[in-house]
1. Regarding the range 31-43, can at least one residue be identified that is at pLDDT 80 or above, surrounded by fewer than 10 Cβ atoms within 10 Å (Cβ to Cβ) and β-branched (Val, Ile, Thr)?
2. Looking only at the range 49-64, filter to residues that are of a type in the set (S, T, N, Q) and exposed (fewer than 10 other Cβ atoms within 10 Å of the Cβ); which one of those is modelled with the highest pLDDT?
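The values are calculated or read from the model by the stated rules, or taken from the named source; none is laboratory data. All figures in this text were calculated on a predicted structure; none of them were measured in a lab. Heads up, the Cβs are rebuilt from the backbone with ideal geometry, glycines too, and the neighbour counts pull from every protein chain shown.
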Amino acid sequence: MKIIQQQSATIDSLTNELALLREQVAYLTQKLYGKSSEKSVCPSGQLSLFEEEQNMEEDSDLPS
């Protein structure tokens, strides 16, 4: 009878752990492969290659 109780407790514990691990896998899979924003913060002092405002200002200074 005691062995059955121990096995039942082990099964419950492992079932809870499995559910938690499945949640973690789903979360990490979503973070890795899910939709994400391309926005990133540039470190101070680093120039951006795609700043539209600067490019437009520079183009207006060029002779046509």
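1. Within the range 31-43, the subset at pLDDT 80 or above is 31-35.
Retained after the next criterion (residues that are surrounded by fewer than 10 Cβ atoms within 10 Å (Cβ to Cβ)): 31-35.
Add one more test, that the residue is β-branched (Val, Ile, Thr), and what stays is none.
No.
2. 60
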